[in-house]
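The structure appears below as structure tokens.
The values are calculated or read from the model by the stated rules, or taken from the named source; none is laboratory data. Remember, it's a predicted structure, so these values are computed and weren't measured experimentally. Using ideal geometry, Cβ is built from the backbone for each residue, glycine included, and neighbour counts are taken over all protein chains shown.
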Amino acid sequence: MMARTLPIILLLFAAVVFPLSVSTIFLDVGIERQLGTVQKIFYFHVPLAWIMMLYGMVCGIAAAVQLRRESRMAEAIAIAAGEMVIVAGLGVLITGPIWGHASWGKAWTWDARQITTGLLWLVFVAYVLVRRYGAAGSERLAAALAIFGAVDVPIIYYAVKIWKTTHPSNDVVATLPPEMWAALWPALGALLATATAMVAVRARQELAEMDLDDAWVEAEDIAPAAAVMVKGDA
Amino acid sequence: MKTMLFEPEAKQAQQAQDSGDEYEAVEGLDRAAIECQRSFEAVAAKKTASDYSHIVWAYGVLWSLFAIYGVLLWRRGQRLRNDVQTLRTRIDSARSRPEST
């Protein structure tokens, strides 16, 4: 019951908070002195990057659990989280260059944070492709890819400390004035609620697909001819 | 034609001069300063317009991605529901067939 209602509650929450966040960003918070009006992309770009990193970690941990315990729930969560990394990662990789084009005069500067983020996205695209089109037993290779992707998450975070980058340091977010935090929280809340609702729905679908596969096997035991006929129809 | 256009202004100027109510230049707002200010305003307006265009693109792309993924999830859900229904129907008919014969 909870699994059914949770996405609805989260999406309703996002539907209420999203307009509030847009009004706070555009009507309440002033224009940042150095970056100008375009800095308002920050309120969605940064939470989206956090969501991408969060689900990258979730996917890696769930894939490790799946490898060790062969848990169906872990497998479903890993697949759902992996797809969310692709969606959020694509958002980060598009909104970032748009912001960079306006602020730095260049959309892509090949800095360490951009490269490691691009790498994370590609690793999770590979994970989803192997999961979807891989032969029998490829789920172990996919899980290894997801763990490799999760290892990239802390590298993205520390990239601005390890290498010289065009991205600002991590301290910028921590030292934001309260009025900017007041705009960042609702944006983060709306995006995180939407992303989590979608991950929950996708995980449930994956579990349902696994159950459906089992049902087909059972159907072949009960009535082989009928099951073969149905599979041919599908 | 030219004289006709300038006539009222010349008349007004003459009237002002006669009444001693002469035009006084506002200090600090000479033509060069105003032009300089306007050019700064034009640059700022252009930057703001460009910034808003970037913001609209960024927000549009972001929410489009979520909307597209939402539609894909919904379609996958529909397909699953149809699969379950088809399987249930066929199993029921396969179970009832031996009983009827």
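Report whether or not A:Phe13 is under 15 Å from A:Ala195 (Cβ atoms), over 13 Å from the mean Cα position of the chain (by Cα), surrounded by fewer than 21 Cβ atoms within 10 Å (Cβ to Cβ) and at pLDDT 90 or above.
On the way: under 15 Å from A:Ala195 (Cβ atoms): yes; over 13 Å from the mean Cα position of the chain (by Cα): yes; surrounded by fewer than 21 Cβ atoms within 10 Å (Cβ to Cβ): yes; at pLDDT 90 or above: yes.
Criteria met by A:Phe13.
Here A:Ala208 does not qualify as free of Cβ contacts under 8 Å to residues at least 40 places away in the same chain, in a helix (DSSP H, G or I), more than 26 Å from A:Tyr43 (Cβ to Cβ) and in contact with a Lys or Arg (Cβ under 8 Å, 6 or more places away or on another chain). If you scan the range A:85-102, which residues turn out to be closer than 13 Å to A:Val123 by Cα and more than 8 Å from chain B (Cβ to nearest Cβ)? Residues satisfying the conditions are A:Val85, A:Ile86, A:Gly89. Which of the residues belonging to the range B:81-99 are within 7 Å of another protein chain (Cβ to nearest Cβ) and under 22 Å from A:Ala203 (Cβ atoms)? Within the range B:81-99, B:Asp83, B:Val84, B:Leu87 meet the criteria.
Residues to consider are A:Val38, A:Val22, A:Val17; find the one that is assigned to a helix (DSSP H, G or I) and in contact with a Pro (Cβ under 7 Å, 6 or more places away or on another chain). It is A:Val17.
Residue count for the range A:158-184 satisfying the condition of being exposed (fewer than 15 other Cβ atoms within 10 Å of the Cβ) and within 21 Å of the chain's Cα centre (by Cα): 3. The single condition among (1) away from chain B (no Cβ under 13 Å); (2) at pLDDT 90 or above that A:Glu70 does not meet is (2).
Say whether the condition of being touching a helix residue (DSSP H, G or I) at 6+ places or on another chain (Cβ under 9 Å), farther than 26 Å from A:Ile156 by Cβ and without any contact (Cβ under 8 Å) to a residue 12 or more places away in the chain is met by at least one residue in the range A:62-72. Within the range A:62-72 (the criterion being touching a helix residue (DSSP H, G or I) at 6+ places or on another chain (Cβ under 9 Å), farther than 26 Å from A:Ile156 by Cβ and without any contact (Cβ under 8 Å) to a residue 12 or more places away in the chain), the answer is yes, since at least one residue qualifies.
In the range A:19-47, the residues that are more than 9 Å from chain B (Cβ to nearest Cβ) and in contact (Cβ under 8 Å) with a residue 24 or more places away in the chain form no Cβ pair under 6 Å with any partner that is outside any helix (DSSP H, G or I) and hydroxyl-bearing (Ser, Thr, Tyr), whether six or more places apart or across chains.
So which of A:Ala76, A:Ala102 is under 28 Å from A:Phe148 (Cα atoms) and either touching a residue at least 24 places away in the same chain (Cβ under 8 Å) or part of a helix (DSSP H, G or I) (or both)? Even if it seems obvious, please write down each step before you answer.
On the way: A:Ala102 fails: under 28 Å from A:Phe148 (Cα atoms).
After applying the criteria, what remains is A:Ala76.
Checking each residue in the range B:47-80 for being facing chain A (nearest Cβ under 9 Å) and basic (Lys, Arg) picks out B:Lys47, B:Arg76. Checked against (1) modelled with pLDDT under 80; (2) among the hydroxyl-bearing types (Ser, Thr, Tyr); (3) surrounded by 12 or more Cβ atoms within 10 Å (Cβ to Cβ), A:Thr194 passes all but condition (1).
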